[in-house]
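Reviewing the structure listed below.
The values are calculated or read from the model by the stated rules, or taken from the named source; none is laboratory data. Every value quoted in this text rests on a predicted model; they were computed, and no experiment measured them. Cβ placement follows ideal geometry from the backbone for every residue including glycine, while neighbour counts extend to all protein chains displayed.
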């Protein structure tokens, strides 16, 4: 009796799921047709979905299609899955064909609401079952295995264990530990261009298991990146969403592929620099894994769509009725754009700079608004050109905001972005006769990732004047602003000095790079399983370094040397604000940004306009004097 009591006690204290979990059965389902390998033809009779659930490791399911194909079970009612098992097809390439295979659960027969349960990251062994515990708390009626890209869905056996129940949304699976974006398109149609919006369901899951899910449309995006094997995407939710920790609540979001950037972080690093330098708006960006119709696509960057929004480009949004008076003056968002002639709403300036009007968009902009933007841009351009030809200051700063233009310039030069003036965003506020430059965008070939200018730090001139790509005559426009105005270099030096004191230094930037590398380490491993490119040059790569670690090491080496290069080119001597060049026994000591002491005394003197390191009663600060 005592033994029976102890046995009952043991059973009652076991986890409930362990008691309830069992091998699940259901109706086999899968992609049709299958393939008959005897003649490599489509079939509805051999290698069918039932072969993956017959308990025989020598039979197998094999899809005729090579990608986005799958096999699974209709369990009849929702079940919480606690364990999965699989075995590869019994042939010479079977073990390889399960690597990056995705196991999913859904409650719709079309799998539009599918979420990942497990990503297989190792080869299987023929004739053996392999198992993984599942942590997802939600119950699913439909479960499936999706074969990896271009491998056909080949599997000898599948097993699903669990218990009946609806479950809940308290726990989801993240394939590499970073957030995941799951895109499921109607009829599993793969996005194929940037004009056609494909109806979709999109779920974005964060590391704390919070998520957003909504109907949406999905399409490709970009220009040169459209030709990459790893495609970039644009998502447009049906209603405004705020995914992850993004500041903006908006419908449109981008997924940047970073295919030619084997560190997978150059855009994020540039955004970090933009924030430190103090641009009014820096696009949001976060590393994510992307799954499309059950296929793992790799590490991407979820990012803002550049558009008018109070937490993006914060200007008035134009209405079609805004065609006169102050209402006509803004807000406007445009892009100096080498691809402008491929757009509908664009113009070529008087000095041959192509400009795409981004907001109002091509469907809503009126003829009055189009004319206003073109006239304003030409006026700004003429003012800059007049400054150059007459060697006088005709006041370009009154129509082109110097601070944002020069900060944008410095970000481009620190990053060594050869595309800085290939694509430049600018905006104009309502009621102001001035253009602002920004936000920064597109840094996949920056940070010495362009064979045309590599090695960049060996060059003596700014990259935008020595190898950089420009839209039309934008290079001449920049040259007039930066090199033909005597005030510009001192202004650049002051902005740079503030940035150097605020975290633009080798140690801080390399520490930031290391933190991102650690965060995405597992994701990059999966990414380069999916895209085997580490040993070959892609896009503009000057060198193939063979590993993620080597790519990250080079990025750190570049940025360390580039900070020194910028100091030298701008004629700036960095003074640590916490440790001035020298100290003074007097209450006040002041140094200029070259590190030269300009004053010691007991009262604050009148100083010329400029940036100074001020030590007052033992406290050291940076002060900008602008009388």
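Quick notes on this structure:
For every residue, the table says whether it meets (1) touching a helix residue (DSSP H, G or I) at 6+ places or on another chain (Cβ under 6 Å); (2) touching a residue at least 40 places away in the same chain (Cβ under 8 Å).
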{"position": "68", "(1), (2)": "yes, yes"}
{"position": "120", "(1), (2)": "yes, no"}
{"position": "132", "(1), (2)": "no, yes"}
{"position": "138", "(1), (2)": "no, yes"}
{"position": "142", "(1), (2)": "no, yes"}
{"position": "151", "(1), (2)": "yes, yes"}
{"position": "160", "(1), (2)": "no, yes"}
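- Residues of segment 346-385 that are without any contact (Cβ under 8 Å) to a residue 40 or more places away in the chain, touching a helix residue (DSSP H, G or I) at 6+ places or on another chain (Cβ under 7 Å) and in a loop (DSSP other than H, G, I, E, B): 350 alone.
- Some residue of segment 272-288 being in a strand (DSSP E or B) and either in the same structural domain as residue 517 (by TED's automatic domain parsing) or closer than 30 Å to residue 152 by Cβ (or both): yes
- Residues being surrounded by 15 or more Cβ atoms within 10 Å (Cβ to Cβ) and touching a strand residue (DSSP E or B) at 6+ places or on another chain (Cβ under 9 Å) - total across segment 342-365: 14
- Segment 555-568, residues that are touching a residue at least 60 places away in the same chain (Cβ under 8 Å) and surrounded by fewer than 17 Cβ atoms within 10 Å (Cβ to Cβ): 561, 567
- For segment 434-449, a residue qualifies if it is on the phi < 0 side of the Ramachandran plot, assigned to a loop (DSSP other than H, G, I, E, B) and touching a residue at least 60 places away in the same chain (Cβ under 8 Å), and the qualifying residues are 439, 440, 441, 443, 444, 445, 446, 449.
- Residue under evaluation residue 50, criteria (1) modelled with pLDDT of 95 or more; (2) in a helix (DSSP H, G or I); (3) within 18 Å of residue 165 (Cα to Cα), criterion not met: (3)
- Among the strands (runs of 3 or more DSSP E) confined to segment 129-206, the ones with at least 2 residues that are under 18 Å from residue 253 (Cβ atoms) and at pLDDT 95 or above are located at 180-185, 198-205.
- Scanning segment 162-174 for residues that are crowded, with 21+ Cβ neighbours inside 10 Å and either farther than 26 Å from residue 238 by Cβ or free of Cβ contacts under 8 Å to residues at least 24 places away in the same chain (or both) returns a single hit, 162.
- Look at (1) surrounded by fewer than 21 Cβ atoms within 10 Å (Cβ to Cβ); (2) closer than 19 Å to residue 316 by Cβ and you find that residue 339 fails only one, number (2).
Residues are listed down the side, and each one gets a yes or a no for (1) surrounded by fewer than 18 Cβ atoms within 10 Å (Cβ to Cβ); (2) at negative phi; (3) assigned to a helix (DSSP H, G or I); (4) in contact (Cβ under 8 Å) with a residue 40 or more places away in the chain:
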position	(1), (2), (3), (4)
472	no, no, no, yes
480	no, yes, yes, yes
490	yes, yes, yes, yes
495	no, yes, yes, yes
500	no, yes, yes, yes
524	no, yes, yes, yes
536	yes, yes, no, no
540	no, yes, no, yes
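- Search result, residues across segment 292-332 that are in contact (Cβ under 8 Å) with a residue 60 or more places away in the chain and closer than 22 Å to residue 444 by Cβ: 292, 296, 297, 298, 299, 300, 302, 305, 306, 312, 313
- Those residues of segment 58-68 which are within 20 Å of residue 27 (Cα to Cα) and either crowded, with 24+ Cβ neighbours inside 10 Å or within 42 Å of the chain's Cα centre (by Cα) (or both), in sequence order: 60, 61, 62, 63
- Filter result (in a helix (DSSP H, G or I) and either closer than 15 Å to residue 302 by Cβ or touching a residue at least 60 places away in the same chain (Cβ under 8 Å) (or both)) within segment 213-254: 224, 225
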